[in-house]
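Notes for the one structure printed next.
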Amino acid sequence: LCVPAVPVLFKQALENTDVEEGKSVSLRCELTKADATTVVWKKGEATLQASAKYEMKQKGTVAELVIHNAEPEDA
(Lines give C-alpha, C1' and ligand atoms only; values in the text may rest on other atoms or scores of the structure.)
Protein backbone atom coordinates (compact mmCIF):
# COMPACT_ATOMS: atom_id res chain seq x y z
CA LEU A 1 0.00 0.00 0.00
CA CYS A 2 1.46 3.35 -1.04
CA VAL A 3 0.23 6.36 0.89
CA PRO A 4 1.07 9.77 -0.61
CA ALA A 5 2.97 12.11 1.67
CA VAL A 6 0.89 14.92 3.10
CA PRO A 7 2.56 18.28 2.37
CA VAL A 8 3.63 20.53 5.19
CA LEU A 9 1.59 23.73 5.17
CA PHE A 10 1.55 26.90 7.20
CA LYS A 11 -1.17 26.62 9.84
CA GLN A 12 -0.52 30.16 11.06
CA ALA A 13 1.27 32.60 8.75
CA LEU A 14 3.53 35.46 9.75
CA GLU A 15 1.91 38.69 10.85
CA ASN A 16 3.24 42.21 10.38
CA THR A 17 5.00 43.35 13.53
CA ASP A 18 6.18 46.80 14.57
CA VAL A 19 9.24 47.13 16.77
CA GLU A 20 11.25 50.04 18.12
CA GLU A 21 14.63 50.49 16.45
CA GLY A 22 17.41 48.80 18.44
CA LYS A 23 15.06 46.32 20.13
CA SER A 24 14.57 42.61 19.41
CA VAL A 25 11.55 41.24 17.59
CA SER A 26 10.26 37.68 17.32
CA LEU A 27 8.49 36.43 14.19
CA ARG A 28 6.64 33.10 14.44
CA CYS A 29 4.80 30.79 12.10
CA GLU A 30 3.08 27.48 12.77
CA LEU A 31 3.27 24.40 10.55
CA THR A 32 0.78 21.57 10.12
CA LYS A 33 3.37 18.90 11.07
CA ALA A 34 5.71 18.82 14.03
CA ASP A 35 9.43 18.84 13.10
CA ALA A 36 8.50 17.78 9.57
CA THR A 37 10.96 20.07 7.85
CA THR A 38 13.41 22.81 8.61
CA VAL A 39 12.05 26.28 7.93
CA VAL A 40 14.29 28.52 5.82
CA TRP A 41 13.98 32.22 6.61
CA LYS A 42 14.52 34.68 3.76
CA LYS A 43 14.60 38.42 3.24
CA GLY A 44 13.73 38.92 -0.40
CA GLU A 45 15.88 36.41 -2.30
CA ALA A 46 18.58 36.22 0.42
CA THR A 47 18.51 33.29 2.85
CA LEU A 48 19.15 34.45 6.43
CA GLN A 49 21.87 32.65 8.37
CA ALA A 50 22.07 32.26 12.14
CA SER A 51 24.27 35.00 13.60
CA ALA A 52 24.43 37.50 16.43
CA LYS A 53 21.65 39.38 14.60
CA TYR A 54 19.40 36.48 13.51
CA GLU A 55 18.40 33.65 15.83
CA MET A 56 16.35 30.76 14.41
CA LYS A 57 14.40 28.35 16.60
CA GLN A 58 12.08 25.48 15.73
CA LYS A 59 10.20 23.37 18.24
CA GLY A 60 7.31 21.11 17.34
CA THR A 61 5.08 22.94 14.89
CA VAL A 62 6.36 26.43 15.69
CA ALA A 63 9.24 28.10 13.82
CA GLU A 64 10.61 31.38 15.15
CA LEU A 65 13.00 34.04 13.89
CA VAL A 66 14.37 36.51 16.42
CA ILE A 67 15.94 39.66 15.00
CA HIS A 68 18.22 41.38 17.50
CA ASN A 69 18.97 45.11 17.34
CA ALA A 70 16.29 45.73 14.70
CA GLU A 71 16.97 48.41 12.09
CA PRO A 72 14.78 49.93 9.36
CA GLU A 73 16.68 47.77 6.82
CA ASP A 74 15.20 44.68 8.51
CA ALA A 75 11.72 45.53 7.21
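The values are calculated or read from the model by the stated rules, or taken from the named source; none is laboratory data. Quick caveat: nothing in here was measured; it's all calculated off a predicted structure. Note that each Cβ is placed from the backbone with ideal geometry, even for glycine, and that neighbours are counted across all protein chains shown. In case anyone asks, the SASA skips ligands and DNA or RNA and just uses the protein heavy atoms, side chains included. Shrake-Rupley method; radii C 1.70, N 1.55, O 1.52, S 1.80 Å.
Below is a table of values for the structure above.
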| item | result |
| --- | --- |
| Test item: Cα-centred dipole of the chain, Lys/Arg +1 and Asp/Glu -1 on Cβ, debye | 440 debye |
| Whole-percent carbon and sulfur share, accessible surface of segment 1-74, 1.4 Å | 53 percent |
| Inter-site label distance for Met56 and Leu14 at 7 Å from Cα along Cβ, in nm | 1.2 nm |
| Additional length obtainable on full extension of the chain from Lys33 to Asn69, 0.36 nm per residue less Cα span | 9.8 nm |
| Per-residue HN-Hα couplings for segment 50-67 [Karplus 6.51, -1.76, 1.60; θ = phi - 60°; Hz; x = Gly/Pro] | 4, 7, 5, 8, 10, 10, 10, 10, 8, 9, x, 8, 10, 10, 9, 10, 10, 9 |
| Kirkwood hydrodynamic radius (C-alpha pairs) into Stokes-Einstein, the chain, 4 °C and 1.567 mPa s, D in µm²/s | 94 µm²/s |
| Pairs of lysines in the chain (C-alpha under 22 Å apart; 8 or more residues apart or interchain) | 18 |
| Gain on full stretching of the segment that runs from Glu21 to Gln49 - 0.36 nm per residue minus C-alpha separation | 8.0 nm |
| Positive-end residue, the chain charge dipole about Cα centroid, Cβ charges, pick of Gly44, Ala13, His68 | Ala13 |
